[in-house]
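What follows is a short report on a single structure.
Values quoted throughout were computed directly from the atomic coordinates according to the rules given, and no laboratory measurement underlies them. Just so you know, these numbers come straight off a predicted model, no measurement behind them. Neighbour counts are summed over all protein chains in view; Cβ atoms, including those assigned to glycine, are modelled from backbone coordinates with ideal geometry.
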Amino acid sequence: MEKLLISTCLLGVETRYDGGHNLLPKLHLLKERYILISACPEVDGGLPTPRDPAERIGESVLTITNEDVTEQFNLGANIALDLCKKHKIKKALLKKNSPSCGHSQIYDGSFTGNLINRDGVTAELLKANGIKVYNEDEIDKLL
Ligand code: SF4
């Protein structure tokens, strides 16, 4: 069976910055088609849960209290890429809008809820390495 990288919070694991999760209603359908390999780049990069919200600003990632967490975000992204290489994963289902996992749209760095057309750190790295990234609104493309 094909392997799929998936954001850990989409499995219902409470890894979100606010201690919550984003359990996918169609998770059972995914499990019928894929072996799911999970990654939470922010936790894998060494950040705690819960944690301050963070957003990409230029090439940095800063928390709402102006702490620079770029290094942790980059480390988590590289761990996710290593997982994809190890398991020969070609597709990833990642949580939308996240500064790590979001693809095509993320928050603009103002912490006001505005979205811009940009990838999160992990989505960007995976795409640059030939991995096709989907978000939860695109799950039907994977089923
Ligand atoms: S970093 Fe990704 S997997 Fe982890 S909580 Fe945020 S969106 Fe979910």
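Couple of notes before you dig in:
- Counting other Cβ atoms within 10 Å as a rough exposure proxy, the listed residues S104, S60 run S60, S104 from fewest neighbours to most.
- Amide proton proximity set for V61, modelled H, under 5 Å, gap of 5+: V69, T70
- Partner aspartates and glutamates for K26 [C-alpha distance under 15 Å; skip if fewer than 8 residues away on the same chain]: E136, D137, E138, D140
- For a straight C-alpha distance cut-off of 21 angstrom, the lysines reachable from K85 (same-chain residues fewer than eight places away being disregarded) are K3, K31, K95, K127, K132.
- Comparing G102, G130, G12 in a Gaussian network model of the chain (Cα springs below 10 Å), the most mobile by mean-square fluctuation is G130.
- Under the criterion of Cα pairs below 8 Å and six or more residues apart, the relative contact order for the chain equals 23 percent.
- Helix-only [θ]222 nm of the chain, DSSP H runs n ≥ 4, -39500 (n - 2.57) each, per residue, nearest 500: -7500 deg cm²/dmol
- With Cα atoms, 0 to 90° folded angle of helix 70-87 axis to the chain main axis: 10 degrees
- For the chain, the equivalent ellipsoid derived from the alpha-carbon gyration tensor has semi-axes of 24, 15, 14 Å in decreasing order.
- Per-residue ³J(HN,Hα) for the stretch 115-131, Karplus 6.51 cos²θ - 1.76 cosθ + 1.60, θ = phi - 60°, Hz, x for Gly and Pro: 9, 10, 7, 7, 8, x, 4, 6, 4, 4, 5, 5, 4, 5, 9, x, 8
- Of E59, E14, E71, the one that fluctuates the most in a GNM where the chain has Cα springs shorter than 10 Å: E59
- By DSSP, the beta bridges lying fully in the chain are antiparallel in about 35 percent of cases.
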